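Beneath this line is the structure, given in structure tokens, with notes to follow.
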Amino acid sequence: MPQEFRVLQCAHCSLYQVDIVKKANKWECKICRQKQFLGKEFFRDFNASACRTKVQQLNLERGQKQEAQDELRLLKAQEEPTCSGKPERTQERKSKWADYVDEPNAQER
């Protein structure tokens, strides 16, 4: 009986990977080493190279979607006005020392 392979997605790192079909309902992600239950099975085949090709395609699509979302977030962040938390002052601020310092007299010279 030939081995069967399946394509799974890690719930922790979201990467797709090939795994050998086993009786157990658990598997371990090869990237983040997270042990998890089987979720959705995206592809199944007796040919491991077909599964690897599918994994490459799915990971590429996921990466492109993530990149597009990052670009949108960046554009939205650039469009929003920056708030420094301090209101802008339209009038000139008076120094606190002005109350304690005498203004120079022209007669003192």
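Computed from the coordinates by the stated procedures, all read-outs in this text should not be read as laboratory data. Quick caveat, the model's predicted, so the values are computed rather than measured. Ideal geometry is used to build each Cβ from the backbone, glycine not excepted, and the neighbour counts take in all protein chains shown.
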Taking the range 20-52 and keeping only residues that are closer than 10 Å to V7 by Cβ and of a type outside the set (D, E, K, R), one is left with F42, F43, A50, C51
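Anything in the range 35-49 that is farther than 16 Å from K22 by Cβ and surrounded by 15 or more Cβ atoms within 10 Å (Cβ to Cβ)? List them, or say none. Spell out the reasoning first.
So the first thing to find is which residues in the range 35-49 are farther than 16 Å from K22 by Cβ, and the list is 40, 42-43, 47, 49.
Passing the criteria: only F43.
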